[in-house]
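J.: First the structure, which I've put down as structure tokens, then a few questions once you've had a look.
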Amino acid sequence: MLTENTINLGNLLLSISDAIDIVNRSLSSHQMRTAFIAWQMTESAKMPKNTKERILIGALLHDVGALTPEDKIRLHNFEENSLDAHCSRGAELFELSPLLQPSAAMVRYHHKPWEKWMGATIADPDVFDSQLLYLADLVERLIKRNIFILHQHEKIIQKIIARTGSEIHPDIVDLFVNVSKREEFWLDLLSPRLFSLLLHHGPCKKTELEIMEIFSIVPFVRSIIDFKSHFTATHSTGVAECAYHVAKLFGLTDKTISRLKLAGYFHDIGKLAVPNAILDKPDKLTKTEFAIIKQHTYFTYSVLSTIGGLGDIPEWAAFHHEKLDGSGYPFHVDRTKINTGSRIMAVADVFTALAEDRPYRSGMQRSEIAKILANMAKDQGLDKRIVELLLDNFEDIRENVREQQALVHAEYNKLVS
Ligand SMILES: [Fe+2]
Ligand SMILES: [Fe+2]
Ligand SMILES: [Fe+2]
């Protein structure tokens, strides 16, 4: 029986995929559209459910190895010469979660042309999946976003047929040609309702997860959020760990404590929608740039609340820049609307950020952090009780946060070097 705390896997992954590609108009929905093309081909080939699911999952997140939006845009526009780095990094990221691991191989080889698969057979699932994704990704990138789809689809089909036997196996091309005959396929592909189409009719429509099962996808999600920049490489881990300890000291229930930890890992998911040129800028941000930063918690809320079944988590995660006097952003809620979970998240975020290096300053020492936190509590920004709780247990919390961040830092160095 489904409980209110059940989360649909398709919705979770579609929401993450959408958040990644929303950053730029020329990129938006790239992975989702690629997933739709791949799914339609698996439907036409009458593949078993688990194969359809594995291919959909891989396609939805296939470019995560391109860590910054700028890298993704270059790939999308055929401007990147070395395609291997994002494929191998993407596969390593998929390996971090048991839910995604079965799709790691197709991500690893999604730009490997058929002629390079020496001695391989298309009956091998790794080869089949990779070739299918190769084609789906290419079709999506060949679409010109400023031209009506039915005025260009025949040309795209011809471009794919021209690659038969060299870049793409004939069986995969046949599958695509079969699917692409229907105008309906192209209209669906470009439809603004694609998200809901995949959600309600896609292979994951009935795959539900218990809320705690989401922890299995945490190493993947926090990596794609934080590894965008070396300044934030362990930020979500720090916030999650700090929130966890403060919540424990506050005496919240075990269930709430774990959920707050989850909110910590997801609190900056909206940063996927912010270009690195702004996140990594060494100088003070202009008003225009800061307006773009302000979107990130809005997107955090919209992504997490769209997933459904997460209870208070979207709010806890998204209110971390709100202030008790209502002067925060972007919701401008005040103390009457900001509950304990959100207050803990806000303190954990400030504490973690102050201790970390930023493009414009180095990480701060205890005395400086304590001074800023105390001032923010005095000026009605942060909750005074929570700040005091943290300051009373400063060394303990900092030690735990540092320990967890060091583990993730090692992962980051391995992946990015
Ligand atoms: Fe790619
Ligand atoms: Fe791609
Ligand atoms: Fe933030």
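J.: By how many nm would the segment from Lys206 to Arg385 grow when fully extended, if each residue of separation counts as 0.36 nm and the alpha-carbon distance is taken off? Present the calculation step by step, with values, prior to reporting the outcome.
T.: Details: separation 179, 0.36 × 179 = 64.44 nm, distance 4.35 nm.
Gain on stretching Lys206 to Arg385: 60.1 nm.
J.: Now for a different question. Placing +1 on the Cβ of each Lys and Arg and -1 on the Cβ of each Asp and Glu in the chain, which of Cys204, Ser258, Val23 has its Cα farthest towards the positive end of the resulting dipole?
T.: So the residue we want is Val23.
J.: Rounded to the nearest 10 degrees, what's the angle between the helix 394-416 long axis and the longest principal axis of the chain, both from Cα atoms, 0 to 90?
T.: 20
J.: Using θ = phi - 60° and the Karplus curve 6.51 cos²θ - 1.76 cosθ + 1.60, what whole-Hz ³J(HN,Hα) does each residue of the stretch 171-176 get, with Gly and Pro shown as x?
T.: 3J(HN,Hα) across the stretch 171-176, in whole Hz: 5, 6, 4, 4, 4, 5.
J.: Can you pull the one-decimal nm distance between simple spin-label points at Ser367 and Lys287, each 7 Å off the Cα toward Cβ?
T.: 3.8
J.: So, one more: Whole Å is fine, so just give me how far the alpha carbon centre of the stretch 364-378 lies from that of the stretch 179-241.
T.: The stretch 364-378 and the stretch 179-241 have Cα centres spaced 37 Å from each other.
J.: Lys46 to Ser258: FRET efficiency via 1/(1 + (r/R0)^6), r the Cβ-Cβ distance, R0 41 Å, to the nearest 0.05? Mind showing how you got there, number by number?
T.: On the way: r = 41 Å, r/R0 = 1.00.
After rounding, the FRET efficiency stands at 0.50.
J.: Please name whichever of Met345, Ile293, Ala355 sits farthest to the positive end of the charge dipole of the stretch 266-356, dipole taken about the Cα centre and charges placed at Cβ: Lys and Arg +1, Asp and Glu -1.
T.: Toward the positive end, the furthest listed residue is Ile293.
J.: Please work out the FRET efficiency for the pair Ala410 and Ile278, using the Cβ-Cβ distance as r and a Förster radius of 41 Å; give the result to the nearest 0.05.
T.: Details: r = 28 Å, r/R0 = 0.67.
For Ala410 and Ile278, the calculated efficiency is 0.90.
J.: How long is the gain from Asp334 to Lys378 if the chain were fully straight, where each residue apart is worth 0.36 nm and the alpha carbon distance is subtracted? Let's see the in-between values first.
T.: Numbers: separation 44, 0.36 × 44 = 15.84 nm, distance 1.52 nm.
Additional length available on full extension: 14.3 nm.
J.: Estimate the FRET efficiency between Glu403 and Asn5 by the formula 1/(1 + (r/R0)^6), using the beta-carbon distance for r and 25 Å for R0, to the nearest 0.05.
T.: Values: r = 30 Å, r/R0 = 1.19.
So the FRET efficiency works out to roughly 0.25.
J.: Which of the lysines could be linked to Lys271 by a straight reach, that is with a Cα gap under 17 Å, when you skip same-chain ones fewer than 8 residues away?
T.: Counting by Cα, and skipping residues close in sequence, Lys271 has these lysines nearby: Lys72, Lys228, Lys281, Lys294.
J.: With springs connecting C-alpha atoms under 10 Å apart, model the chain as a Gaussian network and identify which of Leu133, Leu252, Leu198 has the largest mean-square fluctuation.
T.: Between Leu133, Leu252, Leu198, it is Leu252 that shows the largest mean-square fluctuation.
J.: Dipole of the chain, Cα-centred, from +1 at each Lys and Arg C-beta and -1 at each Asp and Glu C-beta, to the nearest 20 debye? Walk me through the numbers before you get to the answer.
T.: Details: 48 positive and 54 negative charges, 150 e Å.
Value, rounded to 20: 720 debye.
J.: From the helices alone, meaning DSSP H stretches of at least four residues, give me the mean residue ellipticity at 222 nm for the chain, per-run term -39500 (n - 2.57), in deg cm²/dmol to the nearest 500. Provide the component values of the computation, followed by the final result.
T.: Details: 21 runs with 248 residues, N = 417.
Result for the chain, helices only: -18500 deg cm²/dmol.
J.: Here's a follow-up. Extending each Cα 7 Å along its Cβ direction at Ser82 and Ser26, get the distance between those two points in nm, one decimal.
T.: Once both label points are built, they end up 2.2 nm from each other.
J.: Give the separation of the Cα centroids, the stretch 301-340 to the stretch 93-168, in Å.
T.: The two parts, judged by their Cα centres, are 40 Å apart.
Bear in mind these aren't lab numbers, they're just calculated from the coordinates by the rules spelled out. From a predicted model like this one, the values you see are computed outputs, not experimental measurements. Every residue, glycine among them, receives a Cβ derived from its backbone with ideal geometry; neighbour counts consider all protein chains shown.
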